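**Q** Okay, here's the structure, questions in a sec.
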Amino acid sequence: MINNSIENDLKLKKIHKGEIEGSLTGIPSIDKPWLKYYSDEAITSVLPSVNAYDYLYEKNKKHLGRIALNYFGRKITFEEMFKNVDITAKALLKYGVKKGDIVSVSLPNTPEAVYIFYALSKIGAIANMIDPRTGVKGIEEYINEVNSKLLIIIEVAAPKVVNVKENTSVENVITVSPADSLPLVMNLGFKAKSFVENFKNKDNSNKNSDFICWKRFFEAGKTDEVLKTQDVKDEGKVPVMIVHTGGTTGAPKGVLLSNDNINAVAFQSMLFPTDLKREHKWLDIMPPFIAYGIGSGLHFPLAVGMETILIPQFKPEEFDSLLLKYKPNHISGVPSHWNSIITSKKLKDVDLSYLISCAVGGDTMDRDLEIASNKFLKEHGCKYQITKGYGMTEVNGGIGRTTNENNIIGSVGIPFVKSTVAILDPETGEELGYGQKGEVCMTGPSVMIEYFNKPEETKLIKKQKEDGTEWIHSGDIGYMDEDGNLFIVDRIKRIIVRHDGFKIFPSAIEKVIQMHPKVKKCKVVGMPDINSVQGELPCAYIVVDETTIDYEELEKEIYLLCEKNLPEYSQPSLIRYKDVMPLTPIGKVDTLSLKNEITNEILENKNSKKLIK
């Protein structure tokens with residue numbers, strides 16, 4: 001039986017397509033004009049409510065011989081992948097991981113990261129995903145926040161956590177080498193190079209002697225015992241992952257996502273009017289420690305059954321070589337990646353007709369870059385334009401995208417079939433009509449559970465309506481047209497978005513810089529990245545505590561302080577000094593004035609490249 005909500009959606013679709021007469025309200029979230037792009041089957045479909053592992057297995061159990069993962073040419077079938085997930089799950093249980101436990105995972109795109117994520121889902125545990133570039137204190141804080149007893153970390157980052165057992169709740173550390181899953185010849189070459197590097201850095205070589213290598217950990221799971229997992233009630237609603245974001249206030253938060261959240265993005269993406277086939281190849285360049293990377297870059301293509309090509313360390317300047325080598329049908333990335341594609345000499349006169357969807361997210365795409373990218377694709381035999389999407393960590397990275405049928409320059413697309421977008425007046429909370437600019441708010445099956453152990457912060461961004469629906473307030477300003485296309489025009493937040501889509505939170509940098517005893521006040525603003533077609537870098541404005549000071553020495557100390565306590569991508573690129581901070585009429589630091597000041601300096605100074613650290 002079709003419920004009233006679905007019946008209403010089918011009726012709205014017919015009204016928008018002109019098949020029946022009916023009245024509309026002029027309010028996007030009620031009229032849902034985007035439904036006209038979906039099939040009746042998509043509208044009446046039922047969302048899965050199982051754990052992420054079971055959903056993936058059900059989608060691929062009849063195709064176990066097909067390739068699931070491609071890692072530097074080593075092709076891993078679904079059968080082998082599921083077998084390794086089972087072994088990993090047994091190993092986790094052997095090391096004391098139980099249902100509901102949180103395991104901290106700090107890995108790039110490797111097969112081991114895939115095995116760990118799905119193994120944790122299978123046994124009802126949670127992956128606390130941490131960027132390996134995070135500073136020592138940051139890693140320790142993320143671990144202690146969730147009380148992890150087990151840390152799994154990439155080998156090259158292991159020296160940063162030599163004291164992790166003394167400073168955190170961690171009892172065991174598993175190290176993964178990028179070479180563990182390489183083809184044999186590449187594995188030997190990598191290990192030879194790794195040995196030389198370790199020899200050069202003897203100081204770190206023996207500090208990790210009590211850490212457990214992946215091979216030893218994995219062997220613990222190679223038993224004939226039947227994998228026994230406890231029954232989990234409403235397993236779709238069970239938490240499966242924590243990914244970290246600064247949120248709307250800039251303070252670091254762990255976004256707790258459920259199995260349903262993860263499955264919802266994959267499920268709705270497959271219902272989208274896009275050419276998706278099991279025979280296709282997907283180039284996965286987005287890291288697994290962000291929601292966009294797990295939800296759209298990994299779980300979705302694997303659920304379709306595509307061969308997913310894992311790239312552990314993506315470099316934009318090598319994007320063209322990856323296309324030539326793998327010839328993928330689908331890729332996901334951030335807008336700035338496309339500058340390296342359209343200017344590539346390697347791709348001149350190369351047929352790229354195999355590209356079906358080139359998805360970009362993480363930031364609004366520059367209009368000129370979008371037009372140039374579409375022109376490039378057309379000239380190289382592609383039938384389709386750049387596919388843009390919109391979302392945030394709090395909705396597992398995605399709430400909608402553009403269609404091949406309706407892809408307007410500047411638009412980030414239409415909502416997914418089971419999701420809804422509303423535009424609210426930021427001051428009154430009143431819902432606005434078509435073409436009116438306001439705060440973008442979202443609801444649907446991918447809405448997070450909460451900010452982990454932060455109920456007050458959760459209430460600021462996740463709000464419940466009278467009908468019980470939970471809405472995420474994005475902090476972005478946008479509008480929707482009468483066809484359901486969403487446009488983002490500004491940001492409420494002070495977040496700095498880099499050229500590669502990574503978000504930088506000024507408050508985190510300010511907190512670190514103000515640890516220096518000679519710094520009285522610090523304010524961080526975004527400035528143009530002169531080395532990229534779009535994106536910003538952080539500039540720190542500082543008021544010092546002394547009138548006489550060696551500024552050159554102070555800068556060195558501040559940069560070292562930031563290198564120790566901040567991820568590489570979040571460190572300030574420029575430092576400027578002020579006698580006093582400019583203030584707004586109500587006494588707040590005028591960050592807009594600072595931003596305009598440094599922007600003008602960068603754009604007007606032809607030698608500004610020399611200023612960038």
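**Q** When only Cα pairs under 8 Å and 6 or more residues apart are kept, what is the percent relative contact order across the chain?
**A** Values: 1227 pairs, mean separation 74.2, N = 613.
Relative contact order here is 12 percent.
**Q** Provide the packing ranking of 340-347, 501-508, 260-267, i.e. peptides ordered by the mean count of other C-beta atoms within 10 Å per residue, highest first. Walk me through the numbers on the way to the answer.
**A** Values: 340-347: 15.2, 501-508: 20.4, 260-267: 27.0.
Per-residue Cβ counts within 10 Å, averaged per peptide and sorted highest first, yield 260-267, 501-508, 340-347.
**Q** For residue 3 and residue 44, compute 0.36 nm times the residue count separating them, minus their Cα-Cα distance, and round to one decimal in nm.
**A** On the way: separation 41, 0.36 × 41 = 14.76 nm, distance 0.91 nm.
Residue separation times 0.36 nm, minus the Cα-Cα distance, leaves 13.8 nm.
**Q** Hey, another quick one. Two decimals is fine: what's Rg over Rh for the range 421-567, C-alpha atoms, Kirkwood radius as Rh?
**A** Working: Rg = 19.9 Å, Rh = 18.3 Å.
Taking Rh as the inverse mean 1/r over Cα pairs, Rg/Rh reads 1.08.
**Q** When the helix-only estimate is applied to the chain (DSSP H runs of n ≥ 4, each -39,500 (n - 2.57), divided by the residue count), what is the mean residue ellipticity at 222 nm, nearest 500 deg cm²/dmol? List each step's numbers first, then the result.
**A** Values: 21 runs with 195 residues, N = 613.
Helix-only estimate at 222 nm: -9000 deg cm²/dmol.
**Q** Follow-up question, since we're still on this one. Could you work out the relative contact order of the range 496-611, using alpha carbon pairs under 8 angstrom and six or more residues apart, expressed as a whole percent?
**A** Numbers: 174 pairs, mean separation 30.1, N = 116.
Relative contact order, the range 496-611: 26 percent.
**Q** For a quick protection proxy, order the peptides 146-155, 309-318 by their average other-Cβ count within 10 Å, most packed first. Write down the numbers at each step before the final one.
**A** Values: 146-155: 21.5, 309-318: 16.7.
Order by mean packing, descending: 146-155, 309-318.
**Q** Around residue 176, which amide H atoms from residues at least 5 apart in sequence, or from another chain, sit under 5 Å from its own amide H, with H modelled in the peptide plane?
**A** Amide H neighbours of residue 176, under 5 Å, 5+ apart: 153, 154, 155.
**Q** Of 591, 153, 369, which is farthest towards the positive pole of the chain's charge dipole, taken about the Cα centre with +1 and -1 on the beta-carbons of Lys, Arg and Asp, Glu respectively?
**A** 153
**Q** Rounding to the nearest 20 debye, state how big the charge dipole of the chain is about its Cα centre with +1 on each Lys and Arg Cβ and -1 on each Asp and Glu Cβ. Could you put the intermediate results ahead of the total?
**A** Numbers: 77 positive and 82 negative charges, 326 e Å.
In total the dipole reaches around 1560 debye.
**Q** How many percent of all Cα-Cα pairs in the range 496-611 sit more than 26 Å apart? Please report the intermediate quantities before stating the final value.
**A** Numbers: 1050 of 6670 pairs.
Here the long-distance tail beyond 26 Å is 16 percent of all Cα pairs in the range 496-611.
**Q** Then there is this: Please report the antiparallel percentage of the DSSP beta bridges confined to the chain, to the nearest 5. Don't skip to the answer; put the middle values down first.
**A** Values: 48 of 84 bridges.
The answer is about 55 percent antiparallel.
**Q** Hey, what do the phi angles of the range 315-320 turn into as Karplus ³J(HN,Hα) couplings, whole Hz, using 6.51/-1.76/1.60 and θ = phi - 60°, x for Gly and Pro?
**A** Karplus-based 3J(HN,Hα) across the range 315-320 equals 10, x, 5, 9, 4, 4 Hz.
**Q** Okay, next question. Under the √(5λ) rule applied to the eigenvalues of the Cα gyration tensor, what semi-axes describe the equivalent ellipsoid of the range 1-142? Give them in Å, descending. Don't skip to the answer; put the middle values down first.
**A** Values: eigenvalues 343, 87, 50 Å².
Here the semi-axes work out to 41, 21, 16 Å.
**Q** In units of 2.2 N^0.38 Å, what is the alpha-carbon radius of gyration of the range 335-469?
**A** Details: Rg = 18.2 Å, N = 135, 2.2 N^0.38 = 14.2 Å.
It is 1.28.
**Q** Shifting gears a bit: Please work out the Cα convex hull volume for the range 210-355 and give it in Å³ per residue.
**A** Details: hull volume 30.8 nm³, N = 146.
Measuring per residue, one finds 211 Å³ for the Cα hull of the range 210-355.
**Q** If you don't mind, another one. Using Cβ contacts closer than 10 Å as the measure, can you line up 38, 559 from fewest to most? Spell out each step's value before the answer.
**A** Details: 38 22, 559 16.
Ranking 38, 559 by Cβ neighbours within 10 Å, fewest first, gives 559, 38.
**Q** Output the Cα-based Rg and Dmax of the range 297-340 in Å, rounding Rg to one decimal and Dmax to a whole number.
**A** 11.0, 30
**Q** Report the dimensions of the chain along its three principal axes from the alpha-carbon atoms, largest first, rounded to Å.
**A** Rounded to whole Å, the extents work out to 77, 70, 55 Å.
**Q** Using the 10 angstrom Cβ neighbour count as an exposure proxy, how do 284, 481 rank, fewest first?
**A** Values: 284 29, 481 14.
Fewest-to-most Cβ neighbours within 10 Å comes out as 481, 284.
Each reported figure results from applying straightforward, stated rules to the coordinates on display, with no laboratory input. Because the structure is predicted, anything quoted here is derived from the model rather than measured. In this analysis, Cβ positions are derived from the backbone assuming ideal geometry, glycine residues included, and neighbour counts consider all displayed protein chains.
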